[in-house]
Amino acid sequence: MRIQWQLGQVAELIQETPRVASLVLQVPEWPGHDAGQHVDVRLTADDGYQAQRSYSIASAPEDPRLAITVERLEDGEVSPYLVGEVKVGDKVELRGPIGGYFVWKAGEARPLLLIAGGSGIVPLMAMVRHRAAAGGKVPTRLLYSSRSAEDIIYRDELDRCASAGDGLDVAHTLTRAQPTGWSGYGRRIDREMLREVAWPKEQAPAVFICGPTAFVETAASLLVELGYDPLSIKTERFGATGG
């Protein structure tokens, strides 16, 4: 069945970092989604010109409202409106959910390994939230690479989730600047970091990697070098343009 465009109303705006915001939407006809799927968002100018971009869904399937998290790209056509101009009560045209490959469901018994670069955390956060909402206890490890501490999206929520004692471990690495007293990693993801953070390959975890193309390719290749089955690794990547 063809997915139809529909209107969602902005119910809440959350400034996640200086350049990233979450839009929480009420979508009356939303059919439901799986953690890891995305939506298309379309803007129409007064002269009829349209611009369309895809954004990962950040909210858990259990959440009655739909959330997307958007990074503002200064030369973008859509993101500068969604991060900085849109207001609570505004309507946003969207369609979805889209995608059936990069999804995770809470009934999965295998350990879970999540690797995120920058805003690639968004679909993985939907998985973390889904796991929590479903009362899941599957052992989960998240490795999240950000440029600096202020660029960590969902930082407080991730800290709360990691301290819940339900089997979720979160490791951060900052690639450009580390604040005084930083206890996480301070470099790009490499073989040794993955050896320390990832599950032993013998546990055959489900793996999801999302981020910029080069980041995803590097992380996936390193896991294969460490003996991971390539078929167990699901990836989603995005380029530096668009927005």
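Brief remarks on what is shown
- Answer residue from the range 88-112, given it is under 17 Å from the mean Cα position of the chain (by Cα) and aliphatic (A, V, I, L, M) and is surrounded by the most Cβ atoms within 10 Å (Cβ to Cβ) among those: 112
- Output for the range 56-82, where each listed residue is farther than 19 Å from residue 132 by Cβ and not in a strand (DSSP E or B): 72, 73, 74, 75, 76, 77, 78, 79, 80, 81, 82
- The lone exception for residue 137 - which of (1) at pLDDT 95 or above; (2) among the charged types (D, E, K, R); (3) in contact with an Asp or Glu (Cβ under 8 Å, 6 or more places away or on another chain) it fails: (1)
- Candidates 162, 206, 177: the one that is surrounded by 12 or more Cβ atoms within 10 Å (Cβ to Cβ), within 23 Å of residue 109 (Cβ to Cβ) and in contact (Cβ under 8 Å) with a residue 24 or more places away in the chain is 206.
- Meets criteria (surrounded by 15 or more Cβ atoms within 10 Å (Cβ to Cβ) and not in a helix (DSSP H, G or I)) for residue 218: no
- Residue that is surrounded by the most Cβ atoms within 10 Å (Cβ to Cβ), among those in the range 21-39 that are closer than 22 Å to residue 208 by Cα and aliphatic (A, V, I, L, M): 35
- Any hit, the range 40-55, residues being outside the structural domain of residue 205 (by TED's automatic domain parsing), part of a loop (DSSP other than H, G, I, E, B) and surrounded by 14 or more Cβ atoms within 10 Å (Cβ to Cβ): no
The values are calculated or read from the model by the stated rules, or taken from the named source; none is laboratory data. Just so we're clear, the structure is a prediction, and the values are computed from it rather than from any experiment. Please note: Cβ atoms are built from the backbone with ideal geometry, for glycine as well, and neighbour counts cover all protein chains shown.
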